[in-house]
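Data block below; observations after.
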Amino acid sequence: MLVITCSNACLVKVSFYFTNDRAYPLDNLHFFLTCHQWYVSIRIEDKSVPEYSATPVGDNPKVIGCDLGITKLVHLSDGYQIKNPKFSTNKKAKRTLKIRQRRVSRKNKGSKNRKKAAIQVGKFHQKIGDKRQAYQWKTANLIVSRNVDVIAIEDLNISGMMRRCKVKSDEKTGRFLKNGQSKKKGLNRAISDAGWGDLGLKIEYLAVKQGKTVIKVNPKHSSTECRNCGQIDKSNRYGEKFICVECGYHEHADIGAAKTIRDRALRMVREDSAKPGVQHLNAQKISARSTSKRAEFGNPSNRDIKTAMS
């Protein structure tokens, strides 16, 4: 039994139950407050656990491509599609959030009832975040557990995709013109709800534990490039359908993009393996096991992954 005393005179009791009698030294202990609930993150050190490393990739590995989207969360190059639950952008969630935020606005500022209503809004956001995290771990396990050696994912600039549109103004009158930001607002919310960045980090983390390699591929023109003749044209894609205006080749647009990402990753593998003295990919981005004391065990932070890749 480990008893922890906080500075605000509250007492937290944490019990440890292990299958063996070895004593694990306490490495780090972190308190944090989320939505008026205290949490304790405890990190222990077990030197018997081996460090994970990716196995060398051969000349002809099994590669699977992943294309991220909004309608479907992930499209795989083998034709499998993973649905997007849209936890915070579905009709029921938006209505619930609207009602709870309205209750906060109708309460008097500084009153206890307003604080109670604000806590309910925070709990709802926390519930959505917990659902998203659980679903992302499930999705990452589903992708990494496939019988492949290399997982190719898109190297997306998510912050750039969610950036505000440039302001347009009339040169004569100086008035502001429509720049499409009101329409893009819904897309930004959908991208934020999908959580592409966190999903990619989870895939990298689980892939390293299974000895697999993750490659981030430039997704430029992946959904508008014809896989038959190689022509790149925006008019090739119509919604989720891909029909080449040059040769007439047709397929599912997102699955075709996943296949293009797979082929690009396979080309990177073969080009890198052809170089003498190279045993691993120079272009790969692998998230190794977290070494920072600021991160929770099993959930590496962005800084830990960048440090491991450097």
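Numbers at a glance
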read-out: Residue match in region 77-99 (condition: aromatic (Phe, Trp, Tyr) and touching an Asp or Glu at 6+ places or on another chain (Cβ under 7 Å)); value: yes
read-out: Selection count, region 216-240, where residues are free of Cβ contacts under 8 Å to residues at least 40 places away in the same chain, open to solvent by 60 Å² or more (accessible area, probe 1.4 Å) and touching a strand residue (DSSP E or B) at 6+ places or on another chain (Cβ under 7 Å); value: 2
read-out: Some residue of region 70-92 being assigned to a helix (DSSP H, G or I) and either modelled with pLDDT of 95 or more or open to solvent by 90 Å² or more (accessible area, probe 1.4 Å) (or both); value: yes
read-out: Subset of region 1-56 that is among the small types (Gly, Ala, Ser) and surrounded by fewer than 10 Cβ atoms within 10 Å (Cβ to Cβ) - its residue that is modelled with the highest pLDDT; value: SER48
read-out: Which listed residue, of ARG132, ARG114, is basic (Lys, Arg), part of a helix (DSSP H, G or I), open to solvent by less than 80 Å² (accessible area, probe 1.4 Å) and in contact (Cβ under 8 Å) with a residue 24 or more places away in the chain; value: ARG132
read-out: Check on LYS98, assigned to a helix (DSSP H, G or I) and out of contact with any Pro (no Cβ under 7 Å at 6 or more places or on another chain); value: yes
read-out: In region 146-185, the residues that are surrounded by 11 or more Cβ atoms within 10 Å (Cβ to Cβ) and in contact (Cβ under 8 Å) with a residue 40 or more places away in the chain; value: ARG146, VAL148, ASP149, VAL150, ILE151, ALA152, ILE153, GLU154, ASP155, LEU156
read-out: Residues located in region 235-260, provided they are farther than 15 Å from LYS72 by Cβ and among the aliphatic types (A, V, I, L, M); value: ILE243, VAL245
read-out: Yes/no for ILE203 being open to solvent by 20 Å² or more (accessible area, probe 1.4 Å), touching a residue at least 24 places away in the same chain (Cβ under 8 Å) and β-branched (Val, Ile, Thr); value: no
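The values are calculated or read from the model by the stated rules, or taken from the named source; none is laboratory data. All figures in this text were calculated on a predicted structure; none of them were measured in a lab. Neighbour counts are summed over all protein chains in view; Cβ atoms, including those assigned to glycine, are modelled from backbone coordinates with ideal geometry. Heads up: the accessible areas ignore ligands, DNA and RNA and are worked out on the full protein's heavy atoms, side chains in. Shrake-Rupley method; radii C 1.70, N 1.55, O 1.52, S 1.80 Å.
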